[in-house]
1. Choose one answer from 110, 94, 79: the residue with the largest mean-square fluctuation in a GNM of the chain with alpha-carbon springs under 10 Å.
2. Give me the extension gain from residue 30 to residue 68: residue separation times 0.36 nm, minus the current Cα-Cα distance, reported in nm with one decimal.
3. Under 10 Å, Cα contacts only: if you run a Gaussian network model on the chain, which one of 81, 13, 44 comes out with the highest mean-square fluctuation?
4. What aspartates and glutamates could a cross-link reach from residue 75, if we take a straight Cα to Cα line under 20 Å and drop same-chain neighbours fewer than 8 places away?
5. Net charge near residue 89: determine it from the other residues with C-beta under 10 Å of the C-beta of residue 89, scoring Lys and Arg +1 and Asp and Glu -1.
6. Cut-off under 26 Å on the C-alpha distance; same-chain residues fewer than 8 positions from residue 43 excluded. Which lysines are left, in chain and number order?
7. Given the options 97, 24, 60, which has the most mean-square fluctuation in a GNM of the chain, springs set between C-alpha atoms less than 10 angstrom apart?
8. Over the stretch 1-62, what is the relative contact order in percent, taking alpha-carbon pairs closer than 8 angstrom and at least six residues apart?
Amino acid sequence: QVQLVESGGGLVQAGGSLRLSCAASGSIFSINAMGWYRRAPGKQRELAAVLTHGVTTDYADSVKGRFTISRDNAKNTVYLQMNDLKPEDTAVYYCNAAGVVTIPTLIGDYWGEGTLVTVSS
């Protein structure tokens with residue numbers, strides 16, 4: 001079984017910064033992609049940022065230039081550095097690990113429980 005544990009959410013003023021962390025644990029052999037999705041109040045969940053094969057990044061247009069995703073492969077941990085936060089960034093942020101190969105050999109996708117980020121104006 002694979003677990004994703006997120007941390008780093010909280011309340012911040014507009015223009016401030018937060019850093020989210022997500023650690024994957026379990027009998028993990030490899031992870032194809034790790035990323036962050038978010039669900040704002042009254043909206044559907046959307047991609048914020050994803051890092052594939054530890055190299056290729058993809059960001060939502062609304063966060064480009066402000067958010068940076070990175071990964072520590074040795075720790076199976078993904079980070080999201082969020083700068084210049086805006087009230088519209090307020091959302092529950094969910095960590096996702098896709099294409100997770102576990103021992104014995106199984107492949108699946110996993111989600112964290114989410115961490116709340118609130119940006120005040």
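Coordinate-derived values only; no laboratory data. Since the model is a prediction, treat every value here as computed from it, not as a measurement. Positions of Cβ are backbone-derived with ideal geometry, glycine not excepted, and every protein chain shown enters the neighbour counts.
1. Comparing 110, 94, 79 in the GNM, the peak value goes to 110.
2. Working: separation 38, 0.36 × 38 = 13.68 nm, distance 2.21 nm.
Gain on stretching residue 30 to residue 68: 11.5 nm.
3. 44
4. Cα-Cα hits under 20 Å: 6, 109, 113.
5. Numbers: positive: 38, 66, 86; negative: 84, 88.
My count for the surroundings of residue 89 gives +1.
6. Excluding near neighbours in sequence, the set is 64, 86.
7. Ranking 97, 24, 60 by mean-square fluctuation puts 60 first.
8. Working: 78 pairs, mean separation 14.5, N = 62.
Rounded, it is 23 percent for the stretch 1-62.
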